[in-house]
Amino acid sequence: MSVEKTFKSEPDSPSGTKRNRGRFFKSTAIIVLTGFALTACKSMNEINYTGSPALTGTQQYPISVERGEVTLSLDVAPGMHRLSSSQRAQVSAFISQYRRSAGGQLQIKAPSGTMNEMAALNAVADIRNVLGEHNIPSGAVRFAPYGNGTAGDPPVVISYMGFRAVASDCGNWSENLAVTTRNRLSPNFGCAYQHNLAAMVADPRDFERARPLGPASTERRGVVRDKYIRGEITGADTNDSDQGTVSEIGQ
């Protein structure tokens, strides 16, 4: 004898229908919100990374190295017998910079046939003394007259072909930083820093290649080696405070 079981679907009660509808709306809301979140993430990724935007101020305002004429002008008035102390200091600093960043010929131009010609010759004699103090060989210096018949008092000009570090121009305030939805650097970010760095660097060529290492200091190495040979402790002497008690140190 077989027994057949028949299952009949009962109509939903009013309360069950409301629960099912609530679940449906919740599930739909979760799916819609998830879609919005994924779309937003994709949009932000496209905004941040499409086109490889600059990530740092260094990338946004790179420093380039250019070769050009570097000059120092010294005013010489008629009747001047020698450079002033400030002018002499300027010449000394200029020659130091020349030795670090050039290596070519140094040119000194002095006015000739002008009212301050004799004062210019006196200034050139002083400049020669400064060159000697910096051990600049005479073959590396070229003297040339200029300004024959020029009115006024032309300056003495020292120049050489050297390198200089240059950064892009600042002043891009095209974006309102108070109202922005982009997760990027501001257009002017890092510009002032890069300009200051370019102005302070001693040798602009350091931006293009690594400077070779100098010789190692052997003074301390010799002291430690001598102590080792004599069988002495090579480390530094212990401080007296390490050998005392807390109460003695407090006194």
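The values are calculated or read from the model by the stated rules, or taken from the named source; none is laboratory data. On a predicted model such as this, the values are computed, not experimentally measured, just so you know. Here Cβ is always computed from backbone atoms with ideal geometry, including for glycine, and neighbour counts include all displayed protein chains.
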*Quick one: which helices (runs of 4 or more DSSP H) lie wholly within segment 154-251 and hold at least 1 residues that are at pLDDT 85 or above, touching a helix residue (DSSP H, G or I) at 6+ places or on another chain (Cβ under 9 Å) and of a type outside the set (Asp, Glu)?*
191-200
_Test of understanding: among GLY104, GLY149, GLY132, which residue is in contact (Cβ under 8 Å) with a residue 24 or more places away in the chain, surrounded by fewer than 19 Cβ atoms within 10 Å (Cβ to Cβ) and either more than 30 Å from SER168 (Cβ to Cβ) or in contact with a Ser or Thr (Cβ under 7 Å, 6 or more places away or on another chain) (or both)?_
GLY149
_Hits in segment 67-95 - residues which are surrounded by fewer than 13 Cβ atoms within 10 Å (Cβ to Cβ) and assigned to a helix (DSSP H, G or I)_ = SER85, SER86, ALA89, ALA93
*Take segment 128-143 and flag every residue that is outside any helix (DSSP H, G or I) and either within 32 Å of the chain's Cα centre (by Cα) or over 21 Å from ARG82 (Cβ atoms) (or both).*
HIS134, ASN135, ILE136, PRO137, ARG142
_Take the residues in segment 144-160 that are within 34 Å of the chain's Cα centre (by Cα) and among the hydrophobic types (A, V, I, L, M, F, W, C); name whichever of them is nearest to GLY79 (Cα to Cα)._
VAL156
*Scan segment 187-205 and report the pairs whose first residue is over 16 Å from GLN97 (Cα atoms) and whose second residue is of a type in the set (Asp, Glu), with Cβ atoms within less than 7 Å and a gap of 6+ or a chain change.*
PRO187/GLU175
*State whether the residues of segment 169-182 include one that is in contact with a strand residue (DSSP E or B) (Cβ under 7 Å, 6 or more places away or on another chain) and either more than 28 Å from VAL65 (Cβ to Cβ) or among the acidic types (Asp, Glu) (or both).*
no
*Could you tell me which residue of segment 96-127 is modelled with the lowest pLDDT, considering only residues that are touching a strand residue (DSSP E or B) at 6+ places or on another chain (Cβ under 8 Å), of a type in the set (A, V, I, L, M, F, W, C) and not in a strand (DSSP E or B)?*
ALA102
*asked:* Conditions first: (1) closer than 30 Å to ILE136 by Cβ; (2) surrounded by 14 or more Cβ atoms within 10 Å (Cβ to Cβ); (3) free of Cβ contacts under 8 Å to residues at least 60 places away in the same chain; (4) not hydrophobic (A, V, I, L, M, F, W, C). GLY214 passes all but one, so which condition is the exception?
replied: (2)
*Quick one: GLN59 ticks every box in (1) free of Cβ contacts under 8 Å to residues at least 12 places away in the same chain; (2) under 24 Å from the mean Cα position of the chain (by Cα); (3) surrounded by 15 or more Cβ atoms within 10 Å (Cβ to Cβ) except a single one, so which number is it?*
(3)
